[in-house]
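Written out below as structure tokens is the structure these notes cover.
A short reminder: the numbers here are calculations on the coordinates, not readings from a lab. As the structure is a prediction and not an experimental result, all values here were calculated from the model. In this analysis, Cβ positions are derived from the backbone assuming ideal geometry, glycine residues included, and neighbour counts consider all displayed protein chains.
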Amino acid sequence: CNLCWKLFYESTRRSRVSKAMKYLLISFILISHLTGQVTLDIKVLPKGATVILDGKEIGTAPIKGYSVKPGLHEVRLEAGGYAPATHEISVQDAKRLVSDFILNPMYKIKFRAKEKGLTFELNGEHTWRGEKIKLNLEAGPHRLRVYYLDELFDDQVIIADRNAEFIYTRYQPESGPN
């Protein structure tokens, strides 16, 4: 800061300060400058989400006037009914940083098989064979594959945008006589 340099200049100009003391003063000024604080504001939709900064819970959104050091920081956001989110933010040497986040809602999705032998696979990661399952899915597209006796029966992208139920059966009505 300018005031620190001015004080340093005035104190060393008028007196006989040793070189070691000058280096010590310069180091102190530089360290003080490098460890400056930045005011952080965090806004989240929905309001009231829990905000965790670098592993420490700092309150509920909105957060206003929280002091942080410049550098990389991890922000984790959690709220009931919404998918948790983790973001890395880079805080530059400034007076204030305002960060806005929107959490993705979660929906209850049910899958039901009307016959045995079906295997479901979601997003290439989760597999189940039960006749009924309820999942909380983050809003957005999800790839669903359905297998019958290990052969692909259905492959589609489902959109989770509301609570829903998917019912599966291999039966297809035969066409009657013409």
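Counting Lys and Arg as +1 and Asp and Glu as -1, what is the net charge of the other residues whose Cβ lies under 10 Å from the Cβ of LEU72? Before the final figure, lay out the partial values.
Values: positive: none; negative: ASP54, GLU74, GLU88.
Charge balance near LEU72 sits at -3.
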- Message: Give me the net charge for the shell around PHE120: Cβ to Cβ below 9 angstrom, other residues only, Lys and Arg +1, Asp and Glu -1.
- Response: +1
- Message: Straight-line reach only, C-alpha to C-alpha below 20 angstrom: list the aspartates and glutamates that LYS134 could link to, leaving out same-chain residues fewer than 8 apart.
- Response: GLU115, GLU121, GLU125, ASP154, ASP155, ASP161, GLU165
